[in-house]
Amino acid sequence: MTDLSASLSAFMTRIAGSGELSDLQRLSGGANMESWAFDWGEGDDRRSYVLRRAPSPDYMAGRPYGHSDEAALVMAAHDAGVKAPEVVGVLADSDGMGTGYIMRRIVGEVNPVKILAAPPPSLLNDLGRELARIHAIPAETIPATIPVLDIASELAEYKSRFLEYGGDRPIIALAIKWCEEHLPDPAASVLVHGDYRMGNIMVDEHGLAGVLDWELSHLGDPHDDLAYGCMTVWRFGQLDRPAFGVGGLDDYFAAYRDAGGAPVDPERFHFWLVFRTLWWALGCLQMGEAWRSGADPTVERVVIGRRTAEQELDLLMLLETGAPEEERSRPLPPSSTTAPEPKGEPSKQEIVQAVRDWLGEKIKPDASGHAKFEVAVAMNALGIVMRDLGANVSAEDARRASDIMDGAVTLADPGVLAQLRRDAIDKCTVDSPKYAALARARSQWSA
């Protein structure tokens, strides 16, 4: 913190003039990059900023473009009238803070749960309008390094990654096979934000206040963006509001069209909903690999690595409509036998429970800022371990996954869908028991 304060003060003096650094704090969350909020200036001239940075080159490995190009893209979006942050400076190697850039801070709420509890009346229209504006950003203002997404090549890369990760998750194999069989025709390319969802937008009492996190932007099909924010995981429990957890799809699509967006193709939209759910399932597995390799040793990576189960549940609910009615109405097989109730000396589960309780009762109340977030993540991790120790659940079945990708096994085969449903429910119960879609799956599948 001290080193960052000194370097940041020197940088701000250079780009904004003399002043004093105050209220420097790391913001919670952020799956890849660090974000730091701070104030700079003197007296009435004090203003609020956010530093977005990668503290080491490891964070940028494998990315198609760096922070200087990302900053240029955010500037282009801001100049085009999109509610993107105003970039005021880009870090250089000599600044000693890694790579990144500094923006004026947007005032608003970013927590999806708080936003969705009482969304402003205009929010759904704002989301459709803003996405249309993003897709209309002039091509000549977009940095040349922003890549074009070729969907067939991207899917082949997903399949390769899946095999590298073991190739042993049947529901992921099912999604890969389905996407291979339903690849859409190429679409006219627009700038795709790539991460347009709850958690990356800011909202105030008037509606949408800002669009954040442009690191996944690329050129591609506008339906990619349209579907992404409608994924179940990004609706934060609002399952009956399929558009961002805010409202209905028809109203969302109408707002997009009214702001200049092209008509929405329902079949193409559904493809991208499946494709991006598959992408995030693999992204969760990748988080686990990042921790295992030492590239990111945080507990958060490990916990996100276990959220694959959420996406497998969502994928199966998206894809099961292709199964015959006879299979969709087949009862689920029973769960595997769980461990007996402990007696005598404390069990492994009880020891983990004791440590988790201690964190919650003794450590978390005194923590603040990012440290409090980290304690909550650690408690979540211990909860997963505790449940896993008491269950006999596994999502891995390399033979079944291989047979599905080869087409030797399909959802039309007797009992396949029922077993996948059981496996998805049991695994998600261990890894994410509060995931809203889990309760719906249990109800619909009569588990």
TODO: Could you tell me the distance between the Cα centroids of the range 375-443 and the range 36-98, to the nearest Å?
DONE: 39
Task: Neighbourhood charge, 14 Å Cβ-Cβ cut-off, centred on residue 332 and excluding it, Lys, Arg +1 and Asp, Glu -1 - done: +2
Open item on the list: For 22, 293, give me the order by solvent-accessible area with a 1.4 Å probe, most accessible first, ignoring ligands, DNA and RNA.
Closed with: 293, 22
Task: For the chain, share of DSSP beta bridges that run antiparallel, in % to the nearest 5 - done: 95
Task: Carbon plus sulfur fraction of accessible area for the chain, probe 1.4 Å, in percent - done: 50
Open item on the list: Quick check on packing: order 45-52, 33-40 by the mean number of other C-beta atoms within 10 Å, highest mean leading.
Closed with: 33-40, 45-52
Task: DSSP-loop GluC sites (Glu not before Pro) across the range 177-226, with at most 15 other Cβ within 10 angstrom - done: 205
Open item on the list: If you count only protein heavy atoms with a 1.4 Å probe, what accessible area per residue comes out for the chain, rounded to a whole Å²?
Closed with: 46
- [ ] Would you mind telling me which residue in 124, 273, 116 has the biggest mean-square fluctuation in a Gaussian network model of the chain, where springs connect alpha carbons within a distance under 10 angstrom?
- [x] 116
Task: Per-residue [θ]222 nm for the chain (sum of -39500 (n - 2.57) over DSSP H runs n ≥ 4, rounded to 500) - done: -14500 deg cm²/dmol
- [ ] Among the lysines, select those whose C-alpha is under 20 Å from the C-alpha of residue 177, and discard any that sit fewer than 8 residues away in the same chain.
- [x] 159
Task: FRET efficiency estimate (nearest 0.05) - Cβ-Cβ, residue 270 to residue 299, R0 51 angstrom - done: 0.90
Task: Residue-level accessible surface for residue 348, protein heavy atoms, 1.4 Å, Å² - done: 130
TODO: Just tell me which lysines come within less than 25 Å, Cα to Cα, of residue 362; anything on the same chain fewer than 8 places away is out.
DONE: 348, 372, 434
TODO: Could you tell me the accessible area of residue 296 in Å² (1.4 Å probe, neighbours in place), rounded to the nearest ten?
DONE: 20
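The values are calculated or read from the model by the stated rules, or taken from the named source; none is laboratory data. These numbers come from a predicted model, not from an experiment. Virtual Cβ from ideal backbone geometry, glycine too; neighbours counted across all protein chains shown. SASA here: full protein model, heavy atoms, side chains in, ligands and nucleic acids out. Shrake-Rupley method; radii C 1.70, N 1.55, O 1.52, S 1.80 Å.
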